[in-house]
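The next block holds one structure in the form of structure tokens; read it before the comments.
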Amino acid sequence: MLISPAYAQAAGAAPDPLMSFLPLILMFVVLYFLMIRPQMKKAKEHRQLIEGLQKGDEVITAAGIVGRITKVDAAYVTLEISSGEKPTEIVLQRPAVQTLLPKGTMKDLL
């Protein structure tokens with residue numbers, strides 16, 4: 001009497017399980033495109049940078065040290081960080097190299 005038959009039938013219907021998971025699925029898709037995918041792209045670029053290191057490249061390390069590569073091994077690189085009579089060299093792991101600089105940058109800095 002007081003409740004129309006259409007409302008009474010709708011109240012007893014079970015919600016669609018797909019519609020209840022739709023917001024969770026959409027949040028994962030947005031998370032993937034905004035966070036995971038760019039992170040994977042950046043990691044791939046860094047891996048290519050590490051594989052392409054050569055003797056004579058000028059680089060910046062993760063610690064902020066600027067140097068010229070004098071020796072490249074499978075897991076380590078040797079950087080010359082100061083020139084002169086006795087050049088100072090340090091040995092670093094290859095993944096510690098963060099940025100490849102254009103040739104001649106060290107001349108401007110030193």
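Rule-based calculations on the coordinates, nothing more; no lab input. What you see is a predicted model; the values in this text were computed from it and never measured. No Cβ is skipped: glycine too gets one built from the backbone with ideal geometry, and neighbour counts run over all protein chains shown.
Determine the gain in length on full extension of the stretch Asp73-Lys41; use 0.36 nm per residue of separation and subtract their C-alpha separation, reporting nm with one decimal. Walk me through the numbers before you get to the answer.
Working: separation 32, 0.36 × 32 = 11.52 nm, distance 2.54 nm.
Here the answer is 9.0 nm.
Working out 0.36 nm times the residue gap between Ile65 and Ile81, then minus their Cα-Cα distance, what length gain in nm do you get to one decimal?
Numbers: separation 16, 0.36 × 16 = 5.76 nm, distance 0.76 nm.
Taking 0.36 nm per residue and subtracting the Cα distance, the gain is 5.0 nm.
Build a GNM of the chain with springs between Cα atoms under 10 Å: which of Leu22, Leu34, Leu92 gets the top mean-square fluctuation?
Leu22
Using DSSP to call loops (not H, G, I, E or B), can you name the GluC sites (Glu not before Pro) in the stretch 21-87 whose Cβ has at most 11 other Cβ atoms within 10 angstrom?
Working: sites: Glu45, Glu51, Glu58, Glu80, Glu85; in loops: Glu85.
In loop regions of the stretch 21-87 (DSSP not H, G, I, E or B), the sparsely surrounded GluC sites (Glu not before Pro) are Glu85.
For Val30 and Gln48, compute 0.36 nm times the residue count separating them, minus their Cα-Cα distance, and round to one decimal in nm. Walk me through the numbers on the way to the answer.
Details: separation 18, 0.36 × 18 = 6.48 nm, distance 2.70 nm.
Extra length available between Val30 and Gln48 comes to 3.8 nm.
Given all pairs of different Cα atoms, what value in angstroms does the Kirkwood hydrodynamic radius of the stretch 9-90 take? Walk me through the numbers on the way to the answer.
Values: mean 1/r = 0.0578 Å⁻¹.
One over the average 1/r among Cα pairs gives 17.3 Å for the stretch 9-90.
GNM on the chain, C-alpha springs below 10 Å: top fluctuator among Pro95, Pro23, Pro15?
It is Pro15.
Structure shown: which of Lys41/Lys107; Lys86/Lys107; Lys44/Lys107 lie over 27 Å apart, alpha-carbon to alpha-carbon?
Lys41/Lys107; Lys44/Lys107
Once you have all Cα-Cα distances for the stretch 65-110, histogram them in 5 Å bins from zero and send the whole-percent values.
5, 20, 32, 25, 14, 4
What trypsin sites (Lys or Arg not before Pro) in the stretch 53-92 are in a loop by DSSP, with at most 16 other Cβ atoms within 10 Å of the Cβ? Working shown, then result.
Details: sites: Lys55, Arg68, Lys71; in loops: Lys55.
Those satisfying the criteria are Lys55.
With a cut-off of 8 Å between alpha carbons and a minimum separation of six or more residues, what is the relative contact order of the chain in percent?
Details: 109 pairs, mean separation 21.4, N = 110.
It comes to 19 percent, rounded to a whole number.
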